[in-house]
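Remarks on the structure that follows.
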Amino acid sequence: MTFHFEHPGCSLPRALRAALLSATVLTGAALPAGAQEIRAVMHSGIRVLDPVITTAHITRNHGYMIYDTLIAMDENQQPQPQMADWTISDDGLIYTFTLRDGLTWHDGEPVTAADCVASLNRWAERDGGAQLMMDYVESLEATDDKTITLTLSEPFTYVIELMAKPSGLPTFMMPERVAQTPSTESISDYTGSGPFRFVESEYQPGVQAVYEKFEEYVPRDEPPSWTAGGKVVNVDTVRWIAMPDAQTAMNAVNSGEIDYLEAAPVDLLPILQANPELTVDLFNELGSQTMGRMNFLHPPFDNIEIRRAALAALGQEPVLSALIGNPEYYSVCGSMYGCGSPLATDAGDDLIMNGPDAATARQMLEEAGYDGTPVVIMQPTDVVTTSAQPVVAAQQLREAGFTVDLQPMDWQTLVTRRASQAAPADGGWNMFFTNWVIPEVWSPLNNPMLNGGGPEGAWFGWPTDPELDEMRVSFAMAETDEERASIAAEIQEHAYEQVTYVPLGDYFTPSAWTSQITGFLKAPVPVFWAVEKAE
């Protein structure tokens, strides 16, 4: 690879300079004297602004800027009060949440329990674990302006962990009028109560998203820890600038034109690390899991035997090598819960850990009666962390005898198209690849892929698997850590048997930021509270 290394102070490529100038001009006004702004390049541009309707990470990151959560997870992986404290009745059936003082929406209205009940109901319609929980919820109501009461029909011991999870679909709270939007439709009102306010007038899809400090936000008193604790904002503005080309983004952070690069390309790290004005580090120390998901609704992957042949055809090492390159930043891992998690297990992982095995896969494919139906794989070309997997997997599947139709597109198109249940020939798909931070997959209730709810309830791909869901219920009702671990292993073995999805290993993504910036939190998601920028 040929590098184009721009030293600090050197001029940027014309296209980048134009983009940055455009971003400034689009604001319509220069920053006030003394105002502090962080200019960040995130891992993707943002086009979907509803953090309940999608699990896309960039939309989740947007959610943490402008919304708050009832409960949050700290660095010890323990749930902590955030917007609300809670108590649980002795019989484990009644959860009472009490909102703390000082909670205000960005439009100046007070946050009420009715707002939160509506938000929880909308979240529960989209989140796999919450869908399961709601089967055991007898009532969820605002018993006064500050009190939310959740009553279960029988103990479901995972309620608080579900509400505190930092990623997947966090429990972002919205005003009641917004949360009443059907969960199948995107919201159009972006009023939150979080530490930043979304500046809708400056939003340019594919160009920039702007967030201003919400002056009326009252942080908690505790030190910040993951997504819990005091969310103290120390800058006036955070500007996300879309920059899909990795080389251009690297040059921009190297030259100081931007302050923060969320996903630094691992193969370019030596260049960034050679710059004394930059810090390169991991904020997500648990890492991420990359994975493939098949569509269960259409041939050929509506056939379990063909799914198993594909599982045998795929292998982790070639995918990780192409995706990350440097083995210091990845590890093969058969656990669907991530190898650094408390529930990590190798149950049922033989086919993926022995892969890629083209000969075995070819034999399995022949025995399954594969008729050559093309496998439509969606290939995002503009996100460095999702570009390599489909290319490598397509080659592995072809070597095993599959007919593959690899279709390039940008990530936001993929995010939209993956929601289609149409046949591949009519705009649908057969397979795509994405990534999860480990807290999104570290339990059978958090892991969105381990949901057997079919076309109505499951995550994209839509497997119908009532046995899987029954096992998840058993997990949710387990009373000891040992019992949970045993059931989690059984679930993974079952999921590998059904090829519910294909874990392709764990990896770590470093970020880079200028020496003017301090205070970034170690957390599974990038957050901008606690960050300071020198004058």
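The values are calculated or read from the model by the stated rules, or taken from the named source; none is laboratory data. What you see is a predicted model; the values in this text were computed from it and never measured. As a convention, Cβ positions derive from the backbone with ideal geometry for all residues, glycine included, and neighbour counts pool all protein chains shown. Ligands, DNA and RNA are excluded from the accessible area calculation, which covers all protein heavy atoms including side chains. Shrake-Rupley method; radii C 1.70, N 1.55, O 1.52, S 1.80 Å.
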Grab the alpha carbons of the chain, take their convex hull, and tell me the volume per residue in Å³. 140 Å³
Can you give me the % of accessible surface on the chain that is carbon or sulfur? Probe 1.4 Å, all protein chains present, nothing else counted. 48 percent
Over segment 395-535: Kirkwood hydrodynamic radius from C-alpha pairwise inverse distances, Å: 18.4 Å
Per residue, what volume in Å³ does the convex hull of the Cα atoms of segment 484-535 enclose? 120 Å³
Sort 301-310, 445-454 by the packing proxy (mean of other Cβ within 10 Å over each peptide's residues), most packed first. 445-454, 301-310
Stretched out fully, how many nm does the piece from GLU305 to LYS522 gain, at 0.36 nm a residue minus the Cα gap? 73.9 nm
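Once you wrap a convex hull around the alpha carbon atoms of segment 289-370, what is its projected area averaged over all directions, in nm²?
6.0 nm²
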Over segment 47-157, with a single point scatterer placed on each C-alpha, what log10 of the ratio I(q)/I(0) does the Debye formula yield at q = 0.14, 0.21 1/Å? -0.63, -1.39
For segment 71-80, take each phi angle, set θ = phi - 60°, evaluate the Karplus expression 6.51 cos²θ - 1.76 cosθ + 1.60, and give the result in whole Hz per residue in order, putting x for glycine and proline. 10, 9, 9, 9, 5, 8, 6, 10, x, 9
Just to confirm my numbers, what's the Cα centroid distance between segment 39-114 and segment 304-383 in Å? 34 Å
Net charge over other residues, Cβ less than 9 angstrom from the Cβ of PHE460 (K, R count +1; D, E count -1): +2
Over segment 327-456, what portion of Cα pair distances is larger than 26 Å, expressed as a whole percent? 32 percent
Per DSSP H run of n ≥ 4, the term is -39500 (n - 2.57); total these for the chain, divide by its residue number, and report the mean residue ellipticity at 222 nm rounded to 500 deg cm²/dmol. -8000 deg cm²/dmol
Counted charge near CYS333, where neighbours are those whose Cβ lies closer than 10 Å (Asp, Glu -1; Lys, Arg +1): -3
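Excluding ligands, DNA and RNA, what is the solvent-accessible area per residue of segment 415-475 at a probe of 1.4 Å, expressed in Å²?
28 Å²
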How much area per residue is accessible in segment 229-324 when the probe is 1.4 Å and only protein heavy atoms are counted (Å²)? 28 Å²
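When Rg is the radius of gyration of the Cα atoms in segment 146-246 and Rh is its Kirkwood radius, what does Rg/Rh come to?
We get a ratio of 1.01 for segment 146-246.
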In segment 53-77, whose amide N lies under 14 Å from the spot 7 Å out along Cα-to-Cβ of GLU222? List them in ranges. 69-77
Accessible area per residue for segment 86-154 in Å², computed with a 1.4 Å probe and the full protein assembly in place, what is it? 44 Å²
Counting pairwise Cα distances across segment 447-526, what percent come out greater than 20 angstrom? 51 percent
Work out how much length ASN234 to GLU483 would gain on full extension: take 0.36 nm times their residue separation and subtract the Cα-Cα distance, in nm to one decimal. 85.2 nm
Quick one: accessible surface of MET409, probe radius 1.4 Å, all protein chains present, in square angstrom to the nearest 10. 20 Å²
Of THR386, GLY348, VAL376, whose Cα points farthest to the positive end of the dipole of segment 324-389 (charges on the beta-carbon: +1 Lys, Arg; -1 Asp, Glu; origin at the Cα centre)? THR386
